[in-house]
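Beneath this line is the structure, given in structure tokens, with notes to follow.
The values are calculated or read from the model by the stated rules, or taken from the named source; none is laboratory data. These numbers were taken from a predicted model, which means no experiment stands behind them. FYI the Cβ positions are ideal-geometry reconstructions off the backbone, even for glycines, and counts take in every protein chain you see.
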Amino acid sequence: MRLCDVKLGESVRINALGHTGAVLQRLQDLGFTFGCEITPLFRAPSGDPTAYGLRGSVIALRFCDAALIEVAI
Amino acid sequence: MKPCLIALAGNPNVGKSTVFNALTGMRRHTGNWTGKTVTNAVGRCTHKGREYDVADVPGTYSLRALSEEECVACDLLASDELELAVVILDATALERSLILAVQLIGSVKRCVLCVNLIDGAAKRGIFVDDKALSNYFGVPVCKVCARKREGLDALMDLVEDALCREPRNPKPSGCDCGIMDYAAKAAHEAATLAVTCGEDRTKALRHRIDCLLSSRITGTLIMLLLMTVVFYITIKGANYPSALLSEGFALLEAWVYGLLLKIGAPWWLTEPLVFGVLRVLGWVVAVMLPPMAIFFPLFTLLEDWGLLPRIAFNMDSSFKRCNACGKQALTTCMGFGCNAVGVTACRIIDSKRERMIAMLTNSFIPCNGRFPLLISLICAFITGSGARLGILGAAVLAVAVLLAIYMSLAASWLLSKTLLKGQSSVCTLELPPFRKPEIGKVLLRSMVERSAKVLLRAVIVAAPAGLIIWILSNVSVGGATLLAHLTSGLDGVGRFLGLDGVILGSFVLGLPANEIVLPLMLMSYNAGGVLTELGDVSSMGAILRANGWTVYTAVAVMLFSMFHWPCATTLATIIKEGKSVKWATAAALLPLIFGIGCCLVVRALAILFG
């Protein structure tokens, strides 16, 4: 399942990141790593980006970036 | 003994500056470090008779720098002179903060962990076991609440203790990429051991506020309302101190003039010094300082409270459509205060392409220096309400502001399709928890770091500009002043744009500071040799009408004032930040093209209907 398809309030675990280079690095620095629990919390007025809760902080990701993150329940 | 250099490192928004201010008593100076010359805030701290130089490092998520601001942080943390790093951790998001801590423990000489914001964590039912953390990592750990100044003595005791020991890593090394998975795993393990979560009663409330702020209707309404309130307070509140300052400068001017006469200084020294340099300087300071001193603290309050990242969150989709970064919303907001500050703030944007777009389009946003012109012209020509900006006037101003925002978006889109081609890169935006802002810190940070710095730079350009303006308007060649020659030379181009030579000439001479554009126009029309007070709006309107102004001229001037070249201070900042004169030239030409386009549209309308 892709992270962008997870319903608001549903907790999932990160399986893999499909990004490369600087983007991958930034996501890892923010705590997006294998096995980490992540929950979509709320969306912006236009429906994109979405705010995700992980490791105690709230981080907003755009749809296209969340689509590259594989997750499992 | 030479003071020992210690650094405060940590993620953005964990209260590094609060710890810094509590330790150093807000005494900071700018330090230069070996290698690249970077500016970090450095303060002196004395504990038990020993002196320490404490550096406030910009917030960073890891030691692998991506943004300009993080490079500054990494340079200092990799410095040989650094004896010890205090890693500030956020107790409410310990696991995330620990990722950086793991990297730092492995790369700096000595390390002390400092768990901050324990009061906020307690409210959320989170308890951090410092002993467990200390055992896991083998470094000293201290719990503090910097806002209430609790635990700071204990922290400095640990620092003193750690400095007595041999360094763990004798040679500081960078961080290799393989460490990330390890860092994340270690952070998770340590956090699991050390954090006990109780019942969190504020979670539901926080979620409700977030939903309210990001909803389509209430979110937009709250944002517009806030913008209006901030502008209203800034414009209203600045009137009185501005008047006071200009009175003060008038007194100073008279005093200096009297003094120079008394000591028998020649007229060619007295006149340009007093009526040129001093008057323009006084003008710029009186018009510029009060709105900046009000706008930036308000802005910093919103920043500290956590609202600005949410505005960027809400606006992100508009910026994405222009292939730009959502964080550009923040730099755009800062542009309303001062474009130079807005350009500096572009450091927070990771991608170089997107940072350049944000820098080049920032001057589309009317800054505090241009608001007086907009407001005076609205009052004199559109609402005809005299000095008071009524509801109609406020609505017109709001339309102008929205137009400026849309034009900056259009320019961003244009840039992303031409000069700065590319797709928008990843935009990760952290939405920090809402926090009560610290008034003292806000005043220091915004007044000293933003207002004062920009003001100083403006003064540096305004003083020579005053001299040049005086020379131009007082030296005559062939029966007319140089200024008259300049304005008549520009008249053809000006008329073509629906303006005139005087208006265009004033914008050219107003390059050092936008504040002097309108006074310059009045000076040229009156053919006086010195800048005169604006006086009341109706007499200003009468002077302008007598020189052939119509409503269309006023609208064209307003549009041109929003979209022409950035002021000299902003251009200098773009050269400094972008390290390129080429891009600064682009930054000057881009708004000019939009401005010329707008003026031609207005002129076409004037010919059709006027």
- Query: Is it the case that region B:102-113 has a residue that's within 13 Å of another protein chain (Cβ to nearest Cβ), out of contact with any Asp or Glu (no Cβ under 9 Å at 6 or more places or on another chain) and among the hydroxyl-bearing types (Ser, Thr, Tyr)?
  - Reply: no
- Task: Being assigned to a helix (DSSP H, G or I) and at the interface with chain A (Cβ under 9 Å from one of its Cβ atoms) is the filter here, so list the residues in region B:214-224 that pass it.
- Result: B:214, B:216, B:217, B:219, B:220
- With respect to residue B:487, determine if the residue is over 29 Å from residue B:406 (Cβ atoms), assigned to a helix (DSSP H, G or I) and in contact (Cβ under 8 Å) with a residue 24 or more places away in the chain. yes
- Query: Considering only residues of region B:390-435 that are assigned to a loop (DSSP other than H, G, I, E, B) and among the hydrophobic types (A, V, I, L, M, F, W, C), which is farthest from the other protein chains (Cβ to nearest Cβ)?
  - Reply: B:419
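For every residue, the table says whether it meets (1) of a type outside the set (A, V, I, L, M); (2) assigned by TED's automatic domain parsing to the domain that holds residue B:468; (3) assigned to a helix (DSSP H, G or I).
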position: B:503; (1), (2), (3): no, yes, yes
position: B:524; (1), (2), (3): yes, yes, yes
position: B:556; (1), (2), (3): no, yes, yes
position: B:566; (1), (2), (3): yes, yes, no
position: B:586; (1), (2), (3): no, yes, yes
position: B:594; (1), (2), (3): yes, yes, yes
position: B:605; (1), (2), (3): no, yes, yes
- Could you list, in sequence order, all residues of region B:119-141 that are within 14 Å of chain A (Cβ to nearest Cβ) and of a type in the set (A, V, I, L, M, F, W, C)? B:121, B:126, B:127, B:128
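Go through B:34, B:46 for me and flag whichever is at pLDDT below 80, in the same structural domain as residue B:100 (by TED's automatic domain parsing) and not acidic (Asp, Glu).
Selected residue: B:34, the only one of B:34, B:46 that is at pLDDT below 80, in the same structural domain as residue B:100 (by TED's automatic domain parsing) and not acidic (Asp, Glu).
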- Go through the residues of region A:39-46 one by one and say whether even a single one is over 26 Å from residue B:102 (Cα atoms), in contact with a Cys (Cβ under 9 Å, 6 or more places away or on another chain), among the hydroxyl-bearing types (Ser, Thr, Tyr) and facing chain B (nearest Cβ under 10 Å). no
- Task: Mind telling me which of the residues B:261, B:224, B:245, B:193 ends up being at pLDDT below 85 and touching a helix residue (DSSP H, G or I) at 6+ places or on another chain (Cβ under 8 Å)?
- Result: B:193
- Flagged in region A:27-62 as charged (D, E, K, R), within 25 Å of residue B:189 (Cβ to Cβ) and in contact (Cβ under 8 Å) with a residue 12 or more places away in the chain, in numbering order, are A:37, A:55
- In the set B:196, B:234, B:228, the lone residue that is hydroxyl-bearing (Ser, Thr, Tyr), surrounded by fewer than 14 Cβ atoms within 10 Å (Cβ to Cβ) and in contact (Cβ under 8 Å) with a residue 12 or more places away in the chain is B:196
- Message: Which count do you get for residues in region B:399-421 that are loosely packed, with under 14 Cβ neighbours inside 10 Å and not polar (S, T, N, Q)?
- Response: 5
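So that you can scan it fast, the table gives a plain yes or no per residue for (1) in a loop (DSSP other than H, G, I, E, B); (2) over 18 Å from residue B:10 (Cα atoms); (3) small (Gly, Ala, Ser):
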residue: B:122; (1), (2), (3): no, yes, yes
residue: B:142; (1), (2), (3): no, no, no
residue: B:157; (1), (2), (3): no, yes, no
residue: B:162; (1), (2), (3): no, yes, yes
- Task: Report whether or not residue A:65 is at the interface with chain B (Cβ under 7 Å from one of its Cβ atoms) and either small (Gly, Ala, Ser) or farther than 18 Å from residue A:18 by Cα (or both).
- Result: no
- Task: Search region A:12-26 for residues being surrounded by 12 or more Cβ atoms within 10 Å (Cβ to Cβ) and touching a residue at least 40 places away in the same chain (Cβ under 8 Å), and hand back the single one that is farthest from the other protein chains (Cβ to nearest Cβ).
- Result: A:12
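Going by what's in this entry, would residue B:202 be described as closer than 28 Å to residue B:305 by Cα, polar (S, T, N, Q), at pLDDT below 85 and not assigned by TED's automatic domain parsing to the domain that holds residue B:431?
So residue B:202 passes the test.
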- Query: Would region B:362-373 turn up any residue that is closer than 30 Å to residue B:551 by Cβ, touching a Leu at 6+ places or on another chain (Cβ under 6 Å) and more than 12 Å from chain A (Cβ to nearest Cβ)?
  - Reply: yes
- Does region B:71-93 hold any residues that are over 30 Å from the mean Cα position of the chain (by Cα) and within 14 Å of another protein chain (Cβ to nearest Cβ), and which are they? none
- Message: Six or more apart or on different chains, Cβ atoms under 8 Å: show the pairs whose first residue is in region B:237-263 and over 14 Å from residue B:282 (Cα atoms) and of a type in the set (Lys, Arg) and whose second is in a helix (DSSP H, G or I) and at pLDDT below 90.
- Response: none
- Is it the case that residue B:181 is modelled with pLDDT of 85 or more, assigned by TED's automatic domain parsing to the domain that holds residue B:116 and on the phi < 0 side of the Ramachandran plot? no
- Residue, surrounded by the most Cβ atoms within 10 Å (Cβ to Cβ), within region A:39-73, restricted to residues that are more than 15 Å from residue B:215 (Cα to Cα) and basic (Lys, Arg): A:55
- The helices (runs of 4 or more DSSP H) lying entirely within region B:292-352 that contain at least 3 residues which are within 11 Å of chain A (Cβ to nearest Cβ) are B:307-321
- Task: Would you point out the residue of region B:411-463, among those that are under 30 Å from residue B:117 (Cβ atoms), within 16 Å of the chain's Cα centre (by Cα) and β-branched (Val, Ile, Thr), that is modelled with the highest pLDDT?
- Result: B:448
